[in-house]
Amino acid sequence: MSTFLADLLVLAHLLFVAFVMAGGALLIRWPRLIWLHLPAAIWGAYIELAGGICPLTPLENQLRMQAGQDGYSGGFVDHYLLPILYPANLTLPVQQVLGGLVILVNLAIYAWVFWLRHKRQDD
């Protein structure tokens, strides 16, 4: 059961990362979602810029150890995403670039949503 819960946590974590990166686009359809997305995006950027580890990572490791599996060191991004995106290990400068990317992508999405909403009002 612990393995299943750890895997479920990984899925939830991946969905959260996707929401942090691109969830602003959902504001076109559901503008009130800003109250969930903005804090999530701020949290995601903060964790990356500060070189921190999301609290979900130690929880996943604890579940894996309860299931008799090995945990892992580093954070979620380092363990799951960086092997896909980058061949080298996660360093603080790389993590800070990712945090900046979170901010830039979300600023672009929010600007696009703002532009679309005002364009609709003008038509």
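The values are calculated or read from the model by the stated rules, or taken from the named source; none is laboratory data. None of the values given here were measured: they were computed from a predicted structure. Note that we place each Cβ from the backbone using ideal geometry, even for glycine, and neighbour counts take in every protein chain shown. Ligands, DNA and RNA are excluded from the accessible area calculation, which covers all protein heavy atoms including side chains. Shrake-Rupley method; radii C 1.70, N 1.55, O 1.52, S 1.80 Å.
Observations, loosely collected:
- Scanning segment 39-55 for residues that are open to solvent by 50 Å² or more (accessible area, probe 1.4 Å) and either of a type in the set (Val, Ile, Thr) or under 12 Å from the mean Cα position of the chain (by Cα) (or both) yields Pro39, Ile42, Trp43, Tyr46, Ile53.
- Residues in segment 23-33 that are open to solvent by 50 Å² or more (accessible area, probe 1.4 Å) and either part of a helix (DSSP H, G or I) or touching a residue at least 24 places away in the same chain (Cβ under 8 Å) (or both): 3 in all.
- When residues of segment 81-104 are limited to those that are within 13 Å of the chain's Cα centre (by Cα) and surrounded by fewer than 17 Cβ atoms within 10 Å (Cβ to Cβ), the one modelled with the lowest pLDDT: Leu81
- Just so you know, in segment 56-77 the residues that are in contact with a Leu (Cβ under 8 Å, 6 or more places away or on another chain) and open to solvent by less than 40 Å² (accessible area, probe 1.4 Å) include one that is modelled with the lowest pLDDT, and it is Val77.
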